[in-house]
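Below is one structure; the comments refer to it alone.
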Amino acid sequence: MQAIVTTAPSGDPAEARELAARFGLRAEPRADRALSTILANVAGAPVLVLAARRADLYERGRAFRASAGMAFLRLVRAHKGEIDPIVAHAGLRPGDTVLDATLGLGGDALVAAHATRTRVVGLESDGTIAAFTQASLRRLGSHGREPGRSVEVVHADHRAWLRKQPDGSYDVVLLDPMFRRSGDAGPLFDLLRFHAEHSPLDAQTLREAQRVARRGVLLKDAARGEELQRLGVVPRPSRRSATIAFGWAPASP
């Protein structure tokens, strides 16, 4: 079902039209109508409402506030000198080029943009999530403002998109396709679960990512790392309490 993009009184109709055009959604002028009227007239379609400083997605009788969530706390910690696991495991440094092939809500891409201080490309196959994430990145404050501007959201299936890229296009590729961690909780994770594609990563896609990367591919899995092992990637050592397992697949020779 095609999602709708509209505005709150403080929102910019031009942004609504731009997001709709980029991500395959439909722009709906607010025209002084109450939000309840719009929701009642769209036959259950998701509705993204853009205000000047916030964005909300209404779907399945629930409201989801666009937010960087835990990624913002990760940025705060980074400003205090802590090294984020993504940065440590991928060896990210200023000037690196990064492709986040499974963008989701953009947390890893945001942290990568902060670490590299350059543009990060993020691929998201679901147009509703892509628009929601783009709206969120534009509305971050303080520590998140600059890295948020450095994340380029691309509406694309990562498998097809990777096949079209030249060898060694990026220093590092991030892949987190196995969204199955039962420990994840909260409304935004519920939203992702509903829109996510749950098919496991296949070996051919991993090989394409390794070809596109100059250094390698960083993969994320549930703590036991069973999907990593299925793909022939050895999970890296981590704390016993860790809920995420990381694996490193070097770039193709």
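Per-structure values
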{"item": "The listed residue being closer than 24 Å to His114 by Cβ and acidic (Asp, Glu), out of Asp12, Asp32, Asp84, Asp56", "result": "Asp84"}
{"item": "Leading residue by the ranking (farthest from the chain's Cα centre (by Cα)) among those in the stretch 97-111 that are part of a loop (DSSP other than H, G, I, E, B) and of a type in the set (Gly, Ala, Ser)", "result": "Ala101"}
{"item": "Only one of Ala112, Ala135, Ala130, Ala78 that is crowded, with 24+ Cβ neighbours inside 10 Å, in contact (Cβ under 8 Å) with a residue 12 or more places away in the chain and touching a His at 6+ places or on another chain (Cβ under 8 Å)", "result": "Ala130"}
{"item": "Residues that are outside any loop (DSSP other than H, G, I, E, B), of a type outside the set (A, V, I, L, M, F, W, C) and within 16 Å of Arg236 (Cα to Cα), drawn from the stretch 79-96", "result": "Pro85, His89"}
{"item": "Number of positions in the stretch 102-147 that are out of contact with any Gly (no Cβ under 8 Å at 6 or more places or on another chain) and among the small types (Gly, Ala, Ser)", "result": "10"}
{"item": "Leading residue by the ranking (nearest to Ala3 (Cα to Cα)) among those in the stretch 27-50 that are over 26 Å from the mean Cα position of the chain (by Cα) and among the charged types (D, E, K, R)", "result": "Arg30"}
{"item": "Any hit, the stretch 30-38, residues being outside the structural domain of Ala130 (by TED's automatic domain parsing), touching a helix residue (DSSP H, G or I) at 6+ places or on another chain (Cβ under 8 Å), farther than 19 Å from Gly127 by Cβ and buried (at least 16 other Cβ atoms within 10 Å of the Cβ)", "result": "yes"}
{"item": "Conditions (1) among the acidic types (Asp, Glu); (2) modelled with pLDDT under 95; (3) within 20 Å of Leu92 (Cβ to Cβ); number of the one not met by Asp184", "result": "(3)"}
{"item": "Elements of type helices (runs of 4 or more DSSP H) contained in the stretch 123-168, each with 2 or more residues being under 27 Å from His79 (Cα atoms)", "result": "127-137, 145-149"}
{"item": "Cross-chain or 6+ apart pairs with Cβ under 9 Å, the stretch 42-71 first and in a loop (DSSP other than H, G, I, E, B), then aromatic (Phe, Trp, Tyr)", "result": "Pro46/Tyr58; Pro46/Phe132; Arg60/Phe194; Ala66/Phe132; Gly69/Phe189"}
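The values are calculated or read from the model by the stated rules, or taken from the named source; none is laboratory data. Bear in mind the structure is a predicted one, so any value in this text is a computation, not a measurement. So basically every Cβ, Gly included, is an ideal-geometry build from the backbone, and we count neighbours across all protein chains shown.
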